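Below: the structure, in structure tokens.
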Amino acid sequence: MATTSPLDLDFVRSQFPGLARGWTLFDNAGGSQILKGAIDRINTFLIEKNVQIGGSYAVSQDAARALYEARTAAMHLVNAARPEEIVFGGSTTALLQNLARAMQSQLSPGDEIIVTVSDHESNIGPWDRLQERGITLKFWPLNKDTLSLDLADLAPLMSERTRMVCVTHVSNILGSINPIREIADFVHTRGAKICVDAVAYAPHRAVDVQALDVDYYVFSLYKTYGPHYALMYGRYDLLLELDTLYHYFYGKDKVPGKLEPGNPNYELAYSTCGIVDYLTALGERTGESGSTRQKIEAAFAAITAQENLLADRLLDYLRSRNDCRIVGQSVNRNGERVPTIAFRFDGREAQAICAAMDGENIAIRFGDFHSRRLAEYLDLTDHGGMLRVSMVHYNTLEEVDRFTAALDRILAAGTGLSGQ
Ligand SMILES: Cc1ncc(COP(=O)(O)O)c(C=O)c1O
């Protein structure tokens, strides 16, 4: 097994101040560490540009430029066609609730929306609530044998009344990457739109909304190396059709402002520039000298290579234990999976194992991770649910070895067995 990292990990780790505290942070799908460059942008905004935009005075113009720079950075990050296709918001949950609300005048009783059983509740609940307005909600089931979403199961759910299919790019439990382009083509051919939750994907792979041909695409910056904030891509002509969420005089053409009631948080939006700066620098380090976009893609190719090493090392260990059930693909074939890995130990309480890990300064998480419908569907809610190790590129093979050694000790001590 290769052990040399495809990344300059000294450089990578030096960019994340929170990694200096001696913890092994394996709860990145809960929230990643923030980049120093993102923190610097927040500070710069607050110290140098912290006024309301829209004024005629110089600082206000400067603040407006910073916000535009943030949208432009986000445009590069997801490969949108124009900065106005980026909508900032407090969280993925809030953005999806806003989207469902802004679609109301387009939807009539009897229209149908399809969600998946494998999504985080953020991309189910807002659509579920539309049932109060006469919209029909349908669930796209997961194939229990392969743990995949199959188009054959989607096909019979679709009708001429289907308006939207809401699907996750990666489940925050299963970790496998759904074929979004294929799903988008399928959905579009049948006259519906697609709304993708990319929270568990965006930290791991280069996002290309044009190549994916998605209509709406949402993820959280606090899991993608930024602060507690989120962004939504929407195709420009579709954003134009959405209802305004702001004052009545923000007309339909005020894109994206009409979808950011009370304005975005300027300094958090501005942090996006720090994320893109980092990815650009990482791309340059791989030898890429082309456009910003090409550098971002090169950065994520290196990130993927590092993450594959981490996933392989952990999956090898978990497979070697005869008391462990991996929830998801147990082998990372062709990088089809991100290093978000959930598992259970026969008859053991997940919470007790997690607490023992806390004592080892290793941060993991247990439960259903707010993908409750999936946990219930797969019957994985007893014994505290699942344990989840979620890694990103700044994690190391040494940390994986630290974790597996600690797990060996914790399990050998009988932790989590009844009575222990
Ligand atoms: C896959 C997935 N979707 C959505 C969310 C919700 O994101 P936010 O906390 O920004 O609302 C999460 C958070 O854990 C998630 O993992």
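Descriptive notes on the structure:
- Per-residue packing, averaged as other Cβ atoms within 10 Å, sorts the ranges 372-378, 277-283, 10-16 into the order 277-283, 372-378, 10-16, beginning with the highest.
- Solvent exposure of the chain, expressed per residue, is 39 Å² of accessible area, with all protein chains present and a 1.4 angstrom probe.
- Rounded to 5, percent antiparallel among DSSP beta bridges of the chain: 55 percent
- Highest mean first, the peptides 95-106, 320-331, 180-191 sorted by other C-beta atoms within 10 Å per residue fall in the order 95-106, 180-191, 320-331.
- The charge dipole of the chain, taken about its Cα centre with unit charges on the Cβ of Lys, Arg, Asp and Glu (plus for the first two, minus for the last two), comes to roughly 320 debye.
- Lysines whose Cα lies under 24 Å from that of LYS254, excluding same-chain neighbours fewer than 8 positions away: LYS49, LYS193
- Built from the Cα atoms of the chain, the convex hull projects on average onto 21.2 nm², one quarter of its surface area.
- Proximal aspartates and glutamates relative to LYS144, as straight alpha-carbon distance under 14 Å, when same-chain residues fewer than 8 apart are discounted: ASP153, GLU376, ASP379
- When both bridge partners sit in the range 38-276, DSSP labels roughly 40% of those beta bridges antiparallel.
- Nonpolar atom fraction for the chain, defined as the carbon and sulfur part of the 1.4 Å probe accessible area, stands at 48 percent.
- Overall dimensions of the range 141-192 by Cα: Rg and Dmax, Å: 11.3, 32
- Comparing VAL327, VAL196, TYR246 along the charge dipole axis of the chain, the residue lying farthest to the positive side is TYR246, per the Cβ-charge model.
The values are calculated or read from the model by the stated rules, or taken from the named source; none is laboratory data. Just so you know, these numbers come straight off a predicted model, no measurement behind them. Neighbour counts are summed over all protein chains in view; Cβ atoms, including those assigned to glycine, are modelled from backbone coordinates with ideal geometry. The protein model used for the area step is the full one, side chains on, heavy atoms only, and it has no ligands, DNA or RNA in it. Shrake-Rupley method; radii C 1.70, N 1.55, O 1.52, S 1.80 Å.
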